[in-house]
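Notes for the one structure printed next.
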Amino acid sequence: MADYRDTGSSQDVADILTTDHQEMMELVGQIERESDPGQRRDLADTLIAEVMRHAVAEEMFVYPAIEKHVPNGASEVEHDKQEHDEIVAVMKQLENTNAAVPLFMERIGRLGALLRHHANDEESEQFPKLRTHISGDELVNMGEKVQKAKKLAPTRPHPSAPHSELFHKSIGPGVGMVDRLRDKLTGRQTG
């Protein structure tokens with residue numbers, strides 16, 4: 001098995017997703033420090049779009065790989081999907097909350113806690129397992145697929161959407177296109 005660090009300038013999927021986690025947590029921190037409700041709203045909309053892109057890409061490419069290659073991977077993926085459901089539910093509530101009211105910041109705090117927990121699980125447990133069970137070249141290839149998927153993914157929470165690779169690959173790009181059109185028409189900031 002190739003060492004994942006011997007891949008030249010290309011990043012593997014774990015590095016890409018870890019960077020996503022760091023950027024999401026930076027956005028949470030910016031929102032928490034921001035006093036202007038309009039800026040809070042814009043930052044929250046960007047955060048929601050980034051989390052959606054990340055989650056969809058994971059569900060399309062990373063979770064199937066975990067299920068296939070990591071011992072007990074199916075139960076780990078089921079746990080992750082439940083966490084995604086919680087995160088999406090909080091984002092949907094946040095999307096419908098006025099950024100000037102205290103409830104908005106409470107929901108940002110809840111979202112931040114969920115994101116930190118989820119990122120910690122992946123970075124400390126799942127990513128090392130991926131690197132143990134999948135070659136470095138495959139991880140880089142998966143990273144490239146994740147980057148492409150993030151460009152087409154939905155930017156808004158859709159709590160009733162299934163967590164299936166087939167859904168995300170077939171219907172997801174259309175949902176993402178509609179989301180990006182809605183974002184443009186409403187002036188919503190999505191990154």
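All of the numbers you see were taken from the coordinates with simple rules; none came from a lab. What you see is a predicted model, and the numbers here were worked out from it, not measured in a lab. So basically every Cβ, Gly included, is an ideal-geometry build from the backbone, and we count neighbours across all protein chains shown.
Below is a table of values for the structure above.
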{"quantity": "Length added when fully stretched, E123-S10, from 0.36 nm per residue minus Cα-Cα", "calculated": "38.8 nm"}
{"quantity": "Label-point separation, K151 to A89 (7 Å along Cα→Cβ), nm", "calculated": "3.5"}
{"quantity": "For region 14-53: rounded, prolate or oblate by the Cα gyration tensor [a/c cutoff 1.5]", "calculated": "oblate"}
{"quantity": "Estimated inter-spin distance, Q30 and H69, nm [label 7 Å along Cα→Cβ]", "calculated": "3.2"}
{"quantity": "Full-extension gain in nm, E23 to R116, via 0.36 nm per residue minus C-alpha separation", "calculated": "32.3 nm"}
{"quantity": "Highest average packing first - 92-105, 58-71, Cβ atoms within 10 Å", "calculated": "58-71, 92-105"}
